[in-house]
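Have a look at the structure below before the remarks.
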Amino acid sequence: TDIEKGTYPHFMLKEIDEQPFVIRKIIQEYKNENDEIKLDLDIRQAMKNCDRIYIIAAGTSYHAGLLGKQFIEKLANIPVEVHVASEFSYNMPLLSEKPLFLFISQSGETADSRSVLVQIKELGHPALTLTNVPGSTLSREANYTMHLHAGPEIAVASTKAYTAQMAVLAILAVDTARAKGLELEFDPMQELGIAANAMEALTDQKEELEELAREYLPTTRNCFFIGRSVDHYVGLEGSLKLKEISYIQAEGFAGGELKHGTIALIEDGTPVIALATQENVNYSIRGNVQEVEARGANSLIISMKGLDKEGDAFVIPHVHHLLTPLVSVIPLQLISYYAALHRDCDVDKPRNLAKSVTVE
Ligand code: G6P
């Protein structure tokens, strides 16, 4: 490819740093001269007409889909199901009367997702693809496409496509809400702008995050991520990043579910990364941290300004509660990056993985 790393040692680090600029680019691309959301009218109509949205994706894009469900349900009041493509493909659930399929795919070439697209087209259902590659298979074969504008993503571990997917999903959700005449206090462009600034501030804190990776993940075999509500979904993505590039066995769990099994795995020194960016669960996730600490865990809390407490290892700037995932994922990406680096792993090309998986 013609894409260069420039002064960066790895594409992954470059792509992590590009995220605030990608968000600002998305704000520009999805705005018209009157500062209104610019969107294909057919997409607006399809969103308005459906009675349920089925999000289909794989890997990191699936994790973005979990947050897309939050945006669409909370803002646009449409029920959303999120499915792993390879599961949906062989075990299709009962569909609603007027489903709309939303494919999320950085590459637009994932075979598992394509297999679902082929099946739902045969059933006559409409499809919208969110992709970073407009001419890709999933884009061409769907009825509608929304472009992620993240620029080429080279590192196998996805970073900027994930935050771009969430930004575009938030804009889509707000557009639908407005098209349905719902009153919203949430201004997506303004809030995304604030999030972009927060992301940029965090990419300047690499030394601190490298130190956390050194302190918490030096020779560990495993690592757990806990969170509640949207923090749980970001924890899933954080754990995927860490396992993909550092080969540390990492798992994300819902804070409240720990006591139903997983807590049995906690030993002296087990690293547990907890996210605390949501006011309504701040008290309960901190309770979960105390539970794992009492069993010897080495816990690291990443919280948000305004909700932070003494002893939190890392505090992200304050952003709108719906958009914390775009910001809280940055320290997780960087901690994973440095953990992999410290283990001499091939960060951009981890073993056994491919950037885009074109076989089922
Ligand atoms: C591969 C990549 C992942 C990616 C997944 C889905 O497994 O290694 O990083 O999240 O495919 O890719 P897509 O292009 O559909 O988003």
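The values are calculated or read from the model by the stated rules, or taken from the named source; none is laboratory data. Not measured: the values here are computed from a predicted model. So basically every Cβ, Gly included, is an ideal-geometry build from the backbone, and we count neighbours across all protein chains shown.
The residue that is farthest from residue 322 (Cα to Cα), among those in region 210-258 that are more than 16 Å from the chain's Cα centre (by Cα) and polar (S, T, N, Q), is 219.
Taken over region 115-132, the criterion of being outside any loop (DSSP other than H, G, I, E, B) and not β-branched (Val, Ile, Thr) is satisfied by 115, 117, 119, 121, 122, 127, 128, 130. For residue 108, the requirement of being within 17 Å of the chain's Cα centre (by Cα) and in a loop (DSSP other than H, G, I, E, B) is met.
Which members of region 9-57 meet the condition of being over 19 Å from residue 164 (Cα atoms) and surrounded by 14 or more Cβ atoms within 10 Å (Cβ to Cβ)? Correct list: 10, 44, 46, 47, 48, 50, 52, 53, 54.
So that you can scan it fast, the table gives a plain yes or no per residue for (1) closer than 28 Å to residue 65 by Cβ; (2) away from the ligand (no atom under 16 Å from the Cβ); (3) under 19 Å from the mean Cα position of the chain (by Cα); (4) modelled with pLDDT of 95 or more:
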position	(1), (2), (3), (4)
293	no, yes, no, yes
302	yes, yes, yes, yes
336	yes, no, yes, yes
352	yes, no, no, no
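Report, by residue number, each residue of region 89-106 that is within 16 Å of the ligand (Cβ to nearest atom) and surrounded by fewer than 23 Cβ atoms within 10 Å (Cβ to Cβ). Within region 89-106, just 89 meets the criteria. Restricting attention to region 242-284 and to residues that are in contact with a Cys (Cβ under 9 Å, 6 or more places away or on another chain) and assigned to a loop (DSSP other than H, G, I, E, B), the residue that is nearest to the ligand (Cβ to nearest atom) turns out to be 247.
Residue by residue, here is whether (1) under 16 Å from residue 38 (Cα atoms); (2) surrounded by fewer than 24 Cβ atoms within 10 Å (Cβ to Cβ); (3) more than 16 Å from the chain's Cα centre (by Cα); (4) in contact (Cβ under 8 Å) with a residue 60 or more places away in the chain holds:
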{"residue": "153", "(1), (2), (3), (4)": "no, no, no, yes"}
{"residue": "159", "(1), (2), (3), (4)": "no, no, no, yes"}
{"residue": "163", "(1), (2), (3), (4)": "no, no, no, yes"}
{"residue": "171", "(1), (2), (3), (4)": "yes, yes, no, yes"}
{"residue": "176", "(1), (2), (3), (4)": "yes, no, yes, yes"}
{"residue": "179", "(1), (2), (3), (4)": "yes, yes, yes, yes"}
{"residue": "185", "(1), (2), (3), (4)": "no, yes, yes, no"}
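Taking region 133-241 as the region of interest, the helices (runs of 4 or more DSSP H) fully inside it that hold 1 or more residues being within 15 Å of the ligand (Cβ to nearest atom) and modelled with pLDDT of 95 or more are 137-141, 160-179.
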